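Chemist: This is the structure I want to talk about, given as C-alpha cells.
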Amino acid sequence: MIESLARQPAQAYLIVGTTAAQFAHQFAQHLFCPKGCGTCAHCSKLAHGTHPDLTWVSKSGKRISIDQVRELQQKALYPPVEAPKKIYVIESVEDLSLEAANSLLKILETPPRYLIFLLIARSTNILPTILSRCQIVKLPTPPRHQIEKILRERGLSDSEIELLLSLTKGLMPDEPLIEAVRQFAPQHQKLQEQLTKLPDPELWNSLSEANPFVRREAILELLERLSSYTSAHVLALAALLGKSDPDVIESFIQEALYWYRDRLVLEGRAEGGILALETALWKIQRNANVQLLMESLLFTLRQARAPA
Ligand SMILES: [Zn+2]
C-alpha cells in the first residue's frame, strides 16, 4: 500500500490505527529513497531522525500547541532542502485545540506543492473541515470474523455477539461490556417493548442508565420519536442533556451517528444529520456549551428525520 501511495502522493493523509507512526516512517522512507538502500544520505538521516525535510510534531504537553502549528505554518514557506518533497507528520490530531486546528486548516487549504501532510489520529473524529482535505488511510485492526471467533470461544451466543459488535461498532469489546451484554441479552426484546411504552420523561432518564445496553436501546427509541417532538419538547430535552455527564452526551452522539449512517445507506438521506453529529462530537470534547449545542443538534436531527 505504501508503495502505491508514495508513487503519486496526495497532499494530506489522515492515518488511523495503532501502527500509524510506523506507517508514517515507512512512507517517508519510500518517498525519499524508494529502495531503502540504507546507505545514502536520505536513509542515514532518516534513521538518525535528522532529515531536514521530515518534520515530526509530537505533543509537548497535553496536546499539540498553537505555537507548534504556527511554527509549521512559517516553515511551510521554505521548499525542501534535500528531497523532492517536504513531509510534516503531526501526531494526535484528534487532540488539537480548536485554535490549533483552525491554524492547521489554513496551511491545508493552500499547501505549497512540495508539502505532504501525514496526520496521525486514533480515530477519524477530527474537525470535519480538516478531515475533508485528507485522504484517509485506515490501517487494519483485527478483522470482524476473528473477534467473532474469540467471543464464540468464550461461550457467547450469536445474538450476544451481534449486540456486542453493534455496541463497539465492530471493535473488540472490553470485559465490563461483555458482562453487561451477557446479563441483558435474554431481556433484549422485552426491554425494547418496555421502552416503546415509556412516557417521554422516563425515557429521557433512561439515557443516563449506567448499563450501556439499556442506554443504547433508550437512545434508539428516542431517535425514533424525535421527528414527532414539538419545539418545546426539543428544548426541554436539550436542557436535560445539558446537565448530563459528558459520557452520556458522547454515547448519545455516537449512537445517533451509527443510526444515521445506517439510514443514509438505506434511504440515501440524513447527510445533514451526520455532519451535525460529527461536528457536535468534536465540539463537545472541547468543552463547548453543551445545552446550546444539544439544542441546535436536536433541531437539526428532528429536521433530518422529517419525511423528505
Ligand atoms: Zn537510501
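Chemist: May I ask for the angle, rounded to the nearest 10°, between helix 175-184 and the longest principal axis of the chain, with both axes built from Cα atoms and the value confined to 0 to 90°?
Modeler: 20 degrees
Chemist: Rank the residues Met294, Met1 as a footprinting-exposure proxy: fewest other Cβ atoms within 10 Å of their Cβ go first.
Modeler: Met1, Met294
Chemist: Can you pull the one-decimal nm distance between simple spin-label points at Ser92 and Arg144, each 7 Å off the Cα toward Cβ?
Modeler: So the two model labels end up 3.3 nm from each other.
Chemist: Work out from phi, with θ = phi - 60° and the Karplus expression 6.51 cos²θ - 1.76 cosθ + 1.60, the ³J(HN,Hα) of each residue of the range 118-125, listed in order in whole Hz, and give x for Gly and Pro.
Modeler: Taking θ as phi minus 60°, the curve returns 10, 8, 10, 8, 7, 8, 8, 7 Hz for the range 118-125.
Chemist: Within a 10 angstrom radius of the beta carbon, how do Thr129, Thr39 rank from fewest other beta carbons to most?
Modeler: Thr39, Thr129
Chemist: Between 0 and 90 degrees, rounded to the nearest ten: what's the tilt of helix 98-109 against the longest Cα principal axis of the chain?
Modeler: Relative to the chain, helix 98-109 is tipped by roughly 50 degrees.
Chemist: Can you list residues whose amide H is under 5 Å from Val57's amide H, if they're 5+ apart or on another chain and H is modeled 1.01 Å from N?
Modeler: Residues meeting the amide H criterion: Val89, Ile90, Glu91.
Chemist: Give me, ordered by chain and number, the residues 5 or more places off Leu115 or on other chains with an amide H under 5 Å from its own placed amide H.
Modeler: Long-range HN contacts for Leu115: Lys86.
Chemist: Shifting gears a bit: Convert each backbone phi in the range 283-293 into a coupling constant with the Karplus relation 6.51 cos²θ - 1.76 cosθ + 1.60 (shift: θ = phi - 60°), then list the ³J(HN,Hα) values in order as whole Hz, x for Gly and Pro.
Modeler: Karplus values, whole Hz, x for Gly and Pro: 5, 4, 6, 10, 6, 6, 5, 5, 5, 4, 5.
Chemist: Roughly how tilted is helix 20-32, in degrees to the nearest 10 and between 0 and 90, from the longest Cα axis of the chain?
Modeler: The answer is roughly 30 degrees.
Chemist: What are the GluC sites (Glu not before Pro) within the range 68-99 that DSSP puts in a loop, where the Cβ has at most 14 other Cβ atoms within 10 Å?
Modeler: In loop regions of the range 68-99 (DSSP not H, G, I, E or B), the sparsely surrounded GluC sites (Glu not before Pro) are Glu82.
Chemist: What is the local net charge at Gln22, summed over the other residues whose Cβ is closer than 15 Å to its Cβ (Lys, Arg +1; Asp, Glu -1)?
Modeler: With Lys, Arg at +1 and Asp, Glu at -1, the net is +1.
Only the coordinates and a few stated rules stand behind these numbers; no lab work does. These figures come from a predicted structure and were not determined experimentally. Don't worry about glycine lacking a Cβ; one is built from the backbone with ideal geometry, like all the others, and counts go over all protein chains shown.
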